[in-house]
Amino acid sequence: MRMPRRGLVIQARTRWLLVGLALLFSLVLLMYLLECAPQTDSNGSLPGVVGESMGKEYYQALLQEQEEHYQNRATSLKRQIAQLKQELQEMSDKLKSLQEKKSPKVNGMNYQGTKEQTSNDLLEFLHSQIDKAEVSVGAKLPSEYGVIPFESFTSMKVFQLEMGLTRHPEEKPVRKDKRDELVEVIEAGLEVINNPDEEDGQDEDDGVGDRQLYSENDFIEGYYRTERDKGTQYELFYKKMDGMEYRHVTLFRPFGPLMKVKSETVDISRSIINIIVPLAGRTEAFAQFMQNFRDVCIHQDKRVHLTVVYFGQDGLSEVKSILESVARETDFHNYTLVSLNEEFNRGRGLDMGARAWEKGEVLMFFCDVDVYFTAEFLNSCRLNAEPGKKVFYPVVFSLYNPAIVYANQDIPPPVEQQLVHKKDSGFWRDFGFGMTCQYRTDFLTVGGFDLEVKGWGGEDVHLYRKYLHGDLMVIRTPVPGLFHLWHEKHCADELTPEQYRMCIQSKAMNEASHSHLGMLVFRDEIEAHLRKQAYRTNSEA
């Protein structure tokens, strides 16, 4: 009995397709083995050999970093192999369905039609999850505690708010599922950038060779947060080392596969930041602040304006002298000094600094004299504030009293060496809302600060709540480049009971970590134990 010609053709095509897919799978497996093989370069030398300034710890850290890089790459290749296996299975299923010419009916309906309807229903549900989530527009919230803060991450570290007593403010992801999740998200963002569709505004005439392709080394930072009943939102930023354009990708995982929300190019090369600092006295702290400002803003960033609002007359001439000295030495003249002969009021100082700007729209950074920031933070400020859409409320890492943290040293190290994210060196100041980046028009639209608040604290929370009650998105996340330096805090008797309670709470939180405070509380007991041990040792001798 002769087999129909059409059947022979289908079988032949099936065999060739399966052979082709098998060869492709073998090729990817070979690439995986080659990629994961350790590189041996007999002519290469490790950095730092000359002078032997780098110790054993440096090489261990270097080897660990290389090992993690290969592990991440291996995980990526394994994922690609799994996807190819899945595609092979799907192709086999499709060929099998082609051979079965008569599709079975389910309750009188074609099976293929039922499958397509189910897929459409699933996509509709996933898109509805994005619409419900706080991704594109802000949600009106009852208080400052209703915000779901983001957590920030780089390709190697996660900066987290929730620590408990075991986790650290900065750490490498320990759980494999968390590492795999972040690697997958970074790769998905690269896929969106390197293979844009029509929605991304990419010109169809531009070939792949004309586009600038991005790699995992171009990933700068990302933020993520999870709404428990909707999904996880990811904000990713990529940048070429020699460029000023950032690529911003928003992804959302609606408890299912990642779905692209948007992909855009963000140009911050002309974005000026007006840094506003209210001040009264504290001239030594201001001199230290200006040293950081000189290094970061004048020498590195070069796109800032400084507005200092000074209260009172004592110390005003010294502040003027510091500003004029910096201007002479660096040829920097983009600053404004506003003098108010009245009692210090932080809200009024920031309000006056915002209104003193007369050049139209500008991005403002409300700052304090005890804050240390990096050039990377200034770019985060530009990337996470958008006029009429979102304001940026970063969580500051507040440093403890160096006299307690470094009690085993003769003197505390320089400030630059204290800027580390460790449990015993500081904490994420998640109850503080004073440091913020927002556009001037948004600030004026919500009505600015409540100027009735006198003295210390409270004015920043009032402004924060105004944004929560409006339609703007509030980006709340810890950032690695923003530190609050420890300083002696005095709680004045003139404060209201609520302000005094907040001041004492802040003072207690600022002093030392849980373990260091415990050592201070039990110091007498520890010293008595050491004396007993010494006496016992001498007696035995």
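The values are calculated or read from the model by the stated rules, or taken from the named source; none is laboratory data. What you see is a predicted model; the values in this text were computed from it and never measured. Glycine gets a Cβ as well: all are built from the backbone with ideal geometry, and neighbour counts include every protein chain shown. These area figures cover heavy atoms from the full protein model, side chains too; ligands, DNA and RNA do not enter into them. Shrake-Rupley method; radii C 1.70, N 1.55, O 1.52, S 1.80 Å.
Restricted to the range 497-541, and to residues that are free of Cβ contacts under 8 Å to residues at least 40 places away in the same chain and in a loop (DSSP other than H, G, I, E, B), which residue is farthest from Tyr406 (Cα to Cα)?
Filtering first and then ranking leaves Ala541.
Residues are listed down the side, and each one gets a yes or a no for (1) aliphatic (A, V, I, L, M); (2) not in a strand (DSSP E or B):
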{"site": "Ser128", "(1), (2)": "no, yes"}
{"site": "Glu134", "(1), (2)": "no, yes"}
{"site": "Gly138", "(1), (2)": "no, yes"}
{"site": "Ile148", "(1), (2)": "yes, yes"}
{"site": "Ser152", "(1), (2)": "no, no"}
{"site": "Arg167", "(1), (2)": "no, yes"}
{"site": "Arg179", "(1), (2)": "no, yes"}
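Would you mind stating whether Arg531 is closer than 30 Å to Pro149 by Cβ, modelled with pLDDT of 85 or more and open to solvent by 40 Å² or more (accessible area, probe 1.4 Å)? Give the derivation first.
Numbers: closer than 30 Å to Pro149 by Cβ: no; modelled with pLDDT of 85 or more: yes; open to solvent by 40 Å² or more (accessible area, probe 1.4 Å): yes.
No.
Being open to solvent by 40 Å² or more (accessible area, probe 1.4 Å) and charged (D, E, K, R) is the filter here, so list the residues in the range 269-304 that pass it.
Arg270, Arg282, Glu284, Arg294, Asp295, Lys302
Count, please, the residues in the range 310-323 that happen to be of a type in the set (Asp, Glu) and loosely packed, with under 13 Cβ neighbours inside 10 Å.
Narrowing the range 310-323 to residues of a type in the set (Asp, Glu): 314, 318.
Within this subset, residues satisfying the condition of being loosely packed, with under 13 Cβ neighbours inside 10 Å are 314.
Residues that pass the stated criteria total 1.
Considering only the range 363-379, I want to know if a residue exists there that is in the same structural domain as Phe289 (by the TED database), open to solvent by 50 Å² or more (accessible area, probe 1.4 Å) and in contact with a strand residue (DSSP E or B) (Cβ under 8 Å, 6 or more places away or on another chain). Steps first, answer last, please.
Step one: of the range 363-379, the residues in the same structural domain as Phe289 (by the TED database) are 363-379.
The next check asks that each one be open to solvent by 50 Å² or more (accessible area, probe 1.4 Å); those that pass are 376.
Right, trim to in contact with a strand residue (DSSP E or B) (Cβ under 8 Å, 6 or more places away or on another chain) and you get 376.
Yes, some residue in the range 363-379 is in the same structural domain as Phe289 (by the TED database), open to solvent by 50 Å² or more (accessible area, probe 1.4 Å) and in contact with a strand residue (DSSP E or B) (Cβ under 8 Å, 6 or more places away or on another chain).
Going by the conditions given, is Leu383 in contact with a helix residue (DSSP H, G or I) (Cβ under 8 Å, 6 or more places away or on another chain), in a helix (DSSP H, G or I) and crowded, with 19+ Cβ neighbours inside 10 Å?
Working: in contact with a helix residue (DSSP H, G or I) (Cβ under 8 Å, 6 or more places away or on another chain): no; in a helix (DSSP H, G or I): yes; crowded, with 19+ Cβ neighbours inside 10 Å: yes.
No: the conditions fail for Leu383.
With the checklist (1) in contact with a helix residue (DSSP H, G or I) (Cβ under 6 Å, 6 or more places away or on another chain); (2) under 20 Å from Ala375 (Cβ atoms); (3) open to solvent by 10 Å² or more (accessible area, probe 1.4 Å) in hand, flag the one item Thr307 doesn't pass.
Unmet for Thr307, out of (1) in contact with a helix residue (DSSP H, G or I) (Cβ under 6 Å, 6 or more places away or on another chain); (2) under 20 Å from Ala375 (Cβ atoms); (3) open to solvent by 10 Å² or more (accessible area, probe 1.4 Å): (3).
Using the structure shown, decide if Arg346 is open to solvent by less than 30 Å² (accessible area, probe 1.4 Å) and modelled with pLDDT under 95. Break it down into steps so the answer makes sense when it comes.
Working: open to solvent by less than 30 Å² (accessible area, probe 1.4 Å): yes; modelled with pLDDT under 95: yes.
Yes.
Quick check on the range 234-268: of everything there that is polar (S, T, N, Q) and more than 16 Å from the chain's Cα centre (by Cα), which residue is surrounded by the fewest Cβ atoms within 10 Å (Cβ to Cβ)?
Taking the candidates together, the pick is Thr265.
One residue is enough: does the range 419-439 have a residue meeting the conditions of a type in the set (D, E, K, R) and farther than 21 Å from Pro169 by Cβ? Spell out the reasoning first.
Of all residues in the range 419-439, those of a type in the set (D, E, K, R) come to 422-424, 429-430.
Those still in the list that are farther than 21 Å from Pro169 by Cβ too: none.
Looking through the range 419-439, none of the residues is of a type in the set (D, E, K, R) and farther than 21 Å from Pro169 by Cβ.
Which ones in the range 263-292 are without any contact (Cβ under 8 Å) to a residue 40 or more places away in the chain and touching a helix residue (DSSP H, G or I) at 6+ places or on another chain (Cβ under 8 Å)? Don't jump to the end; show me each part of the working.
If we filter the range 263-292 for residues that are without any contact (Cβ under 8 Å) to a residue 40 or more places away in the chain, which is where we start, we get 265, 267, 269-270, 281, 283-284, 287, 290-291.
Thr283, Ala287, Met290 - these are the residues of the range 263-292 that are without any contact (Cβ under 8 Å) to a residue 40 or more places away in the chain and touching a helix residue (DSSP H, G or I) at 6+ places or on another chain (Cβ under 8 Å).
Would a scan of the range 328-342 turn up a residue that is open to solvent by 70 Å² or more (accessible area, probe 1.4 Å) and closer than 20 Å to Gly448 by Cα?
Within the range 328-342, the first condition is being open to solvent by 70 Å² or more (accessible area, probe 1.4 Å), and the residues that meet it are 328-329, 331, 333-334, 341-342.
Keeping just the survivors that are closer than 20 Å to Gly448 by Cα gives 342.
Yes, there is a match, as at least one residue in the range 328-342 is open to solvent by 70 Å² or more (accessible area, probe 1.4 Å) and closer than 20 Å to Gly448 by Cα.
Which members of the range 211-233 meet the condition of being free of Cβ contacts under 8 Å to residues at least 60 places away in the same chain, over 13 Å from Leu190 (Cβ atoms) and either in a strand (DSSP E or B) or open to solvent by less than 20 Å² (accessible area, probe 1.4 Å) (or both)?
If the condition is that a residue be free of Cβ contacts under 8 Å to residues at least 60 places away in the same chain, over 13 Å from Leu190 (Cβ atoms) and either in a strand (DSSP E or B) or open to solvent by less than 20 Å² (accessible area, probe 1.4 Å) (or both), then Thr232 is the only one that fits.
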